[in-house]
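The values are calculated or read from the model by the stated rules, or taken from the named source; none is laboratory data. Here the structure is a predicted model, which means the values were calculated and not measured. Here the Cβ positions follow ideal geometry from the backbone for every residue, glycine too, while neighbour counts run over all protein chains shown. When the accessible area is computed, the model is the full protein with side chains, heavy atoms only, and any ligands, DNA or RNA have been set aside. Shrake-Rupley method; radii C 1.70, N 1.55, O 1.52, S 1.80 Å.
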Amino acid sequence: MWNDLRIDGERLWQRLNELGEIGALPGGGVCRLALSEEDRLGRERVMGWMQELGLEIHQDAIGNVFGLRPGQQPGPPVMTGSHIDTVRTGGLYDGNLGVLAGLEVVQTLNQAGIETRRPLCVAFFTNEEGARFAPDMMGSLVYVGGMPLEQALSTRGIDGESVADCLTRIGAVGERPVGRPEAHAFVELHVEQGPVLEQQGITIGAVEQVQGISWSEYRFDGCSNHAGTTPMSLRRDAAHGAVATAAYVRQRVEQAGGHQVGTVGRMAFTPDLINVVPLSASMTVDLRNTDDSVLRQVEEDVERFARQVAEEEGLAFERRSLARFEPVDFDPEVVGLVETTARRLGYSVRRMPSGAGHDAQMLARVCPTAMIFVPSVGGISHNIEEYTAPEDVAAGANVLLQVLLELCQSPDVPRENP
């Protein structure tokens, strides 16, 4: 009888907008950096909704939060969720949709009086964005054992504060050890954050894989000197090293083609004065590809270029790795379930990769995992103008509902039809 069950799209939309009021920015965006005061308020709001829905709330030592709905039988729950932290100029849907759609699924089941065979769990993970603390997806990485808890807690953010101190300040240090509860399967609903679905007029993306991600920080050190009296041939200009490398990143990425992308997102000079040759320059390099062999080659080539420029300019050079995740393939049976469910519900669907990193790629290490994408208008994300239409939000949540029900009711992860 649950094949005809549907979520309440208006209620989900209302929660998305209500959560978006916490850390709201002029123009409609939101800023809730991980473990900030705004993050604390967002956590309280979402945990309050979990409590209203009768979920058992657990928080672990890295601040991940789990809302558990018991099933008819004990055992690892089917899990869904995402994150509620944002970048400094975030939108209302990135991460938040996956968490609040999970709560909407729970409320729909509660109202229909449906008790699932397996438990169902809605989670949100700490510091997915990595905008304040590197690496991104920190909470889910610690959850799956990919990063020691002690290392995560000692990490210092862009403001110099440690994860441990911030967790304590906002009251997010839980008593549950990391890695619990174990998940039977994990499905994450997310906005695409890209233009493909909208451009092709498709409602649902069945995500097959996530690109590999390489984050690095480059630092060039030279000699600070007068901008007017120092001949060009005698300069040791740290800015030249950084700017030339940034231009090469674009050139090398375009040469690689395919799914390869690259971004220089931050650059800073010291002393940062108009009439002084910079003493030092730092920059970040974000490289991504679904093919790890190509990604590694581009990484090597960019670093080789940076070292060559530094040598020619007489600069000291240092590279520091901030994060490195290999490409992840999702479980083909769960991906197939997403695709067939979307078609059964009458939605257009296509299989596709994800260019952004997500908590799901970490969960894929420990359980069958897949993702559901819905269109992002204009392909815009990490931007206050991020927007997904209400009907697409509801469509994604309805697919999530049916996929979670199938996983909760089946004795095992359903096999894809041959």
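How many residues are open to solvent by less than 40 Å² (accessible area, probe 1.4 Å), within 26 Å of Val374 (Cβ to Cβ), of a type in the set (Val, Ile, Thr) and outside any strand (DSSP E or B) when one looks only at region 301-356?
4
If a residue has to be crowded, with 24+ Cβ neighbours inside 10 Å and closer than 29 Å to Pro70 by Cβ to count, how many in region 110-137 make the cut?
Residues in region 110-137 being crowded, with 24+ Cβ neighbours inside 10 Å and closer than 29 Å to Pro70 by Cβ: 10 in total.
Just need a number here: residues in region 16-28 that are at pLDDT below 95 and either closer than 15 Å to Asp94 by Cβ or outside the structural domain of Phe124 (by TED's automatic domain parsing) (or both).
1
Answer yes or no: is there a residue in region 117-140 that is in a helix (DSSP H, G or I), aliphatic (A, V, I, L, M), farther than 26 Å from Trp13 by Cβ and modelled with pLDDT of 95 or more.
Yes; the residues of region 117-140 include at least one that is in a helix (DSSP H, G or I), aliphatic (A, V, I, L, M), farther than 26 Å from Trp13 by Cβ and modelled with pLDDT of 95 or more.
Considering (1) modelled with pLDDT of 95 or more; (2) within 30 Å of Leu345 (Cβ to Cβ), say which one Ile170 fails and leave the rest.
Tallying (1) modelled with pLDDT of 95 or more; (2) within 30 Å of Leu345 (Cβ to Cβ), Ile170 fails exactly one: (2).
Of the residues that make up region 7-15, is at least one open to solvent by less than 10 Å² (accessible area, probe 1.4 Å) and modelled with pLDDT of 95 or more?
yes
Considering region 18-36 alone, what residues qualify as being of a type in the set (A, V, I, L, M, F, W, C), assigned to a loop (DSSP other than H, G, I, E, B) and open to solvent by 10 Å² or more (accessible area, probe 1.4 Å)?
Ile22, Leu25, Cys31, Leu33
If I go through region 37-48 residue by residue, how many of them are open to solvent by 20 Å² or more (accessible area, probe 1.4 Å) and touching a residue at least 24 places away in the same chain (Cβ under 8 Å)?
Qualifying residue count, region 37-48: 3.
Among (1) in a strand (DSSP E or B); (2) farther than 28 Å from Gly258 by Cβ; (3) not assigned by TED's automatic domain parsing to the domain that holds Gln260, which single condition is Ser282 missing?
The one condition Ser282 does not meet is (3).
Out of (1) in contact (Cβ under 8 Å) with a residue 60 or more places away in the chain; (2) within 22 Å of Arg11 (Cα to Cα), what's the single condition that is false for Asp359?
Of the numbered conditions (1) in contact (Cβ under 8 Å) with a residue 60 or more places away in the chain; (2) within 22 Å of Arg11 (Cα to Cα), the odd one out for Asp359 is (2).
Scan region 376-400 residue by residue and report those that are out of contact with any strand residue (DSSP E or B) (no Cβ under 8 Å at 6 or more places or on another chain), within 13 Å of Leu197 (Cα to Cα) and small (Gly, Ala, Ser).
Across region 376-400, the qualifying residues are Gly378, Gly379, Ala389.
Would you mind finding the one in Val163, Val196 that is hydrophobic (A, V, I, L, M, F, W, C) and either in contact with an Asp or Glu (Cβ under 7 Å, 6 or more places away or on another chain) or surrounded by 24 or more Cβ atoms within 10 Å (Cβ to Cβ) (or both)?
Val163
Among (1) outside the structural domain of Pro77 (by TED's automatic domain parsing); (2) part of a loop (DSSP other than H, G, I, E, B); (3) not acidic (Asp, Glu), which single condition is Thr245 missing?
(2)
Answer yes or no as to whether Ser376 is of a type in the set (S, T, N, Q) and open to solvent by 10 Å² or more (accessible area, probe 1.4 Å).
So Ser376 fails the test.
Residue by residue, here is whether (1) in contact (Cβ under 8 Å) with a residue 40 or more places away in the chain; (2) in a loop (DSSP other than H, G, I, E, B); (3) among the hydroxyl-bearing types (Ser, Thr, Tyr); (4) over 30 Å from Leu315 (Cα atoms) holds:
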| site | (1), (2), (3), (4) |
| --- | --- |
| Asp159 | no, yes, no, no |
| Cys166 | yes, no, no, yes |
| Glu188 | yes, no, no, yes |
| Leu197 | yes, no, no, yes |
| Phe220 | yes, no, no, no |
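Being without any contact (Cβ under 8 Å) to a residue 60 or more places away in the chain and either out of contact with any Pro (no Cβ under 9 Å at 6 or more places or on another chain) or assigned by TED's automatic domain parsing to the domain that holds Asp60 (or both) narrows it down to one residue among Gln111, Gln107; which is it?
Going through Gln111, Gln107 in turn, just one is without any contact (Cβ under 8 Å) to a residue 60 or more places away in the chain and either out of contact with any Pro (no Cβ under 9 Å at 6 or more places or on another chain) or assigned by TED's automatic domain parsing to the domain that holds Asp60 (or both): Gln111.
If Gly145 passes every condition in (1) closer than 23 Å to Thr80 by Cβ; (2) open to solvent by less than 10 Å² (accessible area, probe 1.4 Å) but one, which one does it miss?
(2)
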